[in-house]
Amino acid sequence: MTHFSPMRSLSEIAANSTDENVIDTAIGSMEQSFKRPLSQPIGIILSSSGEDQTLPGETLEISVTVTNKGNQSAVIDVFLDELPAVIQSWCHVTQTRLALDPGQGEEVIFSFDTPENAISGAYRYWLVVDAPHHYPDSPPQRHEQTLQVLPSMETAVRVSDPTIAVEPIT
């Protein structure tokens, strides 16, 4: 039969141990955990839920506010990735680069000009925010997006025009 002991923190292990190797390992682990960043150094607020809809002939704007929450100035890349070829020409600017000081934020707007003859359907792509040169230990933040082009609205005209036909008597 296996018995499990309750979990103990590293500080409890170090405090209750006389083995110097155990104490050094516990202290080293605690020091490393304090060196790790508590959160992403880049904050992102998206105006989109990730599921956007538009009609042919309309413009859809997606904004992302990027904030440098780190402790150093950084060059931050904001771009659309894996755009389907069909919608690539609808968005004139698909990437931008921001230079932000710590605590500074800036808004980026991507506009999709949906043509009148756009084919209805769902188009998936990624919005990516990354600062590989200044925050190399922080992975790129990737947000999946879907642009849903709805069928164009057609106006139906109903005519209520009674027609009377007179035929000759035979």
Problem - Förster-model FRET efficiency, 35 Å R0, R124 and Q72, C-beta, rounded to 0.05 - result: 0.55
Practice task
Could you please report the charge total around S49, scoring K, R as +1 and D, E as -1 over all other residues with beta-carbon less than 15 angstrom from its beta-carbon?
Solution key: -3
Completion exercise
Applied in sequence order to region 95-101, the curve 6.51 cos²θ - 1.76 cosθ + 1.60 (Karplus, θ = phi - 60°) yields integer Hz couplings, x standing for Gly and Pro, of 8, 8, 10, 10, 10, 10, 7
Handout entry: Over region 76-134 - Rg/Rh using Cα atoms and the Kirkwood inverse-distance radius
Key = 1.06
Handout entry: region 75-82 - phi-based ³J(HN,Hα) in whole Hz, Karplus 6.51/-1.76/1.60, Gly and Pro as x
Key = 9, 10, 8, 10, 8, 9, 10, 6
Practice task
Would you calculate the separation in nanometres between label points at E144 and S39, each defined as 7 Å from the Cα along the Cα-to-beta-carbon direction?
Solution key: 2.5
Exercise for the section: Could you run the Karplus curve 6.51 cos²θ - 1.76 cosθ + 1.60 with θ = phi - 60° over region 104-120 and give me ³J(HN,Hα) per residue in whole Hz, x for Gly and Pro? Expected result: 8, x, 8, 9, 10, 10, 10, 10, 10, 8, 6, x, 4, 9, 4, 7, 5
Exercise for the section: Find how much the distance from R97 to L46 grows on full extension, using 0.36 nm per residue of separation minus their present alpha carbon separation; answer in nm with one decimal. Expected result: 16.7 nm
Practice task
Just add up the charged neighbours of T96: K/R +1, D/E -1, any other residue whose Cβ is under 10 Å from the Cβ of T96.
Solution key: -1
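We did not get these values from a lab; they are worked out from the coordinates using the rules stated. Predicted, not measured: the structure shown is a model, and the values here were computed from it. Methodologically, a virtual Cβ is constructed for each residue, glycine included, from the backbone with ideal geometry; neighbour enumeration extends over all protein chains shown.
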